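Peer 1: Have a look at the structure that comes next, please.
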Amino acid sequence: MAKLDPLFRGLHQQGGSDLHLVAGQVPIMRIHGNLVRVKSERLNDQTVRALLREITPPELWASFEESGDVDFGYQVPGLARFRANLFVQKSGAAAVFRLIPEDILTCEQLNLPRQVTNLAQLHKGLVLVTGPTGSGKSTTLAAIIDEANKTRNDHILTIEDPVEFVHKSRMALVNHREVGSHTRSFSAALRAALREDPDIILVGEMRDLETIRLAIEAAATGHLVFGTLHTNNAAKTVDRIIEVFPADEQEQIRSTLADSLKAVVAQTLFRTVDTPGRVAALEIMICTPAIANLIREGKTFQIPSLMQTGRSGGMQTLDHAILELLTAKRIDPETAFERAINTELILPFLPPDHPAKQA
C-alpha cells in the first residue's frame, strides 16, 4: 500500500472531491466545496516528492522532473480512481488529486432531466457538456455514457487525459484510450478513431482547434460525439467553437455546426443548504431547426430567448434551473444572485436588507 493511500481513503470516507498536497502546507481536502486542513505536520518539498514518486509511473516522473507538471490516473483498488496533476510551485512540489468514484452514478441517481438522459439514444451529431472546472461535467457525461452502455449494442470509444470513469462493457463494447499512454494527443486519437468502427466517441476535452475540427467532422459524418468545453452557457459555447477557427473558415463552420450540433448542457455546481453536498443547475439547449438557423446566421445572441420559449421541448436556461433550486430551498439565495444571468429574477428570494434591494 502506498503511503498516500490512507489520505485517499480519508477523502473518500468524508465525501470529498479533491486532495491537495503542497510543500509548506499540511494536506488539504476539498469537502462539499470547502477546503479542510488535515491534522498533520506540514509537508516539505522532499516529503511531497517522495510521496508522489511512489505512485507515479517512472516515465511520467521523468517527464514531471523535466517539464514541471504532468497528469495521470491512479487507482486505489476497491476504493476509487484519482485524476492526478503534479506541478511545481514557489515552495516546491505540489499535486492535486480529483476523486473519480469506481461506481458510476446513473442518470436517475444524479436526477438528470429526461431530456439529458435521452441524449444517450441519439445516433449521430455533437453533444457538448460544458461548465467551469470542477462543475461535474465528467460525472454527467459518465452517466450518459453508462446509459448508452446499458441500452445500445454499439462500440463506444473514449479519449481522455487521463481516463477517469472506467466503463465495463455491458450491452455495448467500450474501449478507453488515454492521451500520453495509448495515443499521442486528442487529435491523433480522433483521426485514428474513424478507422476503429466507433458508433459513439467521447472526447474528454476539446481544447484546441484541431481537436474541435476533428470532433465536428466525426459528428458530421454519422458518429455520435460527446465532448466538453470550459464555457458557462449554451450561447457562449457556440461562440467559443466558431471563434477558434480562422476568420475565413467561420462561415463554413457555422453551417457545419448548425447541422451537426444536437445539444449543449451547461452546468454550474451549488453548495446545498438543506443537506451537506452540492447540486448542479443545468442549462439545456436542444438544437431545434430555429436554433440551428440562428447558429448558421451568426445570431447566437438570440439563443437565450428561444430557449426561454422552448421549455415545452425540453430546454431550460440556467436562470430557470437556479429558480427551481431556490424554490425548493436547496441553495443559498446570495450564491444564486452571484451566478444568475438575470439577477432581477433572484431579488424576491434575497433578504429585505440585501444591498441589491436597496439600489
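Peer 1: What number of residues within the stretch 136-159 satisfy the criterion of being in a helix (DSSP H, G or I) and not small (Gly, Ala, Ser)?
Peer 2: Residues that pass the stated criteria total 11.
Peer 1: Hand me the list of helices (runs of 4 or more DSSP H) wholly inside the stretch 160-265 holding 3 or more residues that are assigned by TED's automatic domain parsing to the domain that holds Asn85, more than 28 Å from Pro289 (Cβ to Cβ) and in contact with a strand residue (DSSP E or B) (Cβ under 7 Å, 6 or more places away or on another chain).
Peer 2: Correct list: empty, since no element meets the threshold.
Peer 1: If you take the residues of the stretch 62-75 that are within 13 Å of Ala94 (Cα to Cα) and assigned to a helix (DSSP H, G or I), which of them is nearest to the chain's Cα centre (by Cα)?
Peer 2: Phe64
Peer 1: Now, a different point. Could you give every pair whose Cβ atoms fall below 7 Å, whose first residue belongs to the stretch 236-261 and is β-branched (Val, Ile, Thr), and whose second residue is part of a strand (DSSP E or B), counting only separations of at least 6 or pairs across chains?
Peer 2: From residues that are β-branched (Val, Ile, Thr), the pairs are Thr237/Leu128; Thr237/Thr130; Thr237/Leu229; Thr237/Val264; Thr237/Ala266.
Peer 1: Can you pull out every residue in the stretch 1-28 that is crowded, with 18+ Cβ neighbours inside 10 Å, out of contact with any Asp or Glu (no Cβ under 9 Å at 6 or more places or on another chain) and part of a helix (DSSP H, G or I)?
Peer 2: Hits for the stretch 1-28 are Leu7, Phe8.
Peer 1: Still on this structure, please answer the following. Which pairs do you get when a residue that is more than 18 Å from Ile212 (Cα to Cα), found in the stretch 168-195, comes within reach of a residue that is among the basic types (Lys, Arg) and in a helix (DSSP H, G or I), reach meaning Cβ atoms under 9 angstrom, with the pair 6+ apart or on two chains?
Peer 2: Taking only residues 6 or more apart or on different chains, the pairs are Arg170/Lys150; Met171/Lys150; Ala172/Lys150.
Peer 1: Determine, yes or no, whether Pro351 is in a loop (DSSP other than H, G, I, E, B) and either in contact with a His (Cβ under 7 Å, 6 or more places away or on another chain) or crowded, with 18+ Cβ neighbours inside 10 Å (or both).
Peer 2: Here the answer is no, as Pro351 does not meet what is asked.
Peer 1: While we're looking at this one, here's another question. Out of Phe87, Phe64, which single residue is outside the structural domain of Ala142 (by TED's automatic domain parsing) and surrounded by 18 or more Cβ atoms within 10 Å (Cβ to Cβ)?
Peer 2: Phe64
Peer 1: Sticking with this structure for a sec: Can you tell me which residue within the stretch 325-359, out of those that are without any contact (Cβ under 8 Å) to a residue 12 or more places away in the chain and of a type in the set (D, E, K, R), is nearest to Leu112 (Cα to Cα)?
Peer 2: Glu338
Peer 1: When you check Ala258 against the structure, is it surrounded by 17 or more Cβ atoms within 10 Å (Cβ to Cβ), of a type in the set (A, V, I, L, M) and more than 18 Å from the chain's Cα centre (by Cα), yes or no?
Peer 2: The answer is yes for Ala258.
Peer 1: Please go through the stretch 300-346 and pick out each residue that is under 16 Å from Val264 (Cβ atoms), outside any helix (DSSP H, G or I) and under 22 Å from the mean Cα position of the chain (by Cα).
Peer 2: Gly314, Met315, Gln316, Thr317, Ile341
Peer 1: With respect to the numbered conditions (1) within 24 Å of Leu261 (Cβ to Cβ); (2) crowded, with 17+ Cβ neighbours inside 10 Å; (3) of a type outside the set (A, V, I, L, M, F, W, C); (4) over 13 Å from the mean Cα position of the chain (by Cα), which one is the sole condition not fulfilled by Lys137?
Peer 2: The single condition Lys137 does not satisfy is (4).
Peer 1: Give Gln109, Gln46 a once-over and let me know the one that is in a loop (DSSP other than H, G, I, E, B) and either in the same structural domain as Thr183 (by TED's automatic domain parsing) or of a type outside the set (Phe, Trp, Tyr) (or both).
Peer 2: Going through Gln109, Gln46 in turn, the sole match is Gln109.
Peer 1: Please go through the stretch 18-49 and pick out each residue that is touching a Lys or Arg at 6+ places or on another chain (Cβ under 9 Å), touching a residue at least 24 places away in the same chain (Cβ under 8 Å) and within 15 Å of Lys3 (Cβ to Cβ).
Peer 2: Selection gives Leu19 alone.
The values are calculated or read from the model by the stated rules, or taken from the named source; none is laboratory data. In this text the structure is predicted, and so the values were computed from the model without any measurement. FYI the Cβ positions are ideal-geometry reconstructions off the backbone, even for glycines, and counts take in every protein chain you see.
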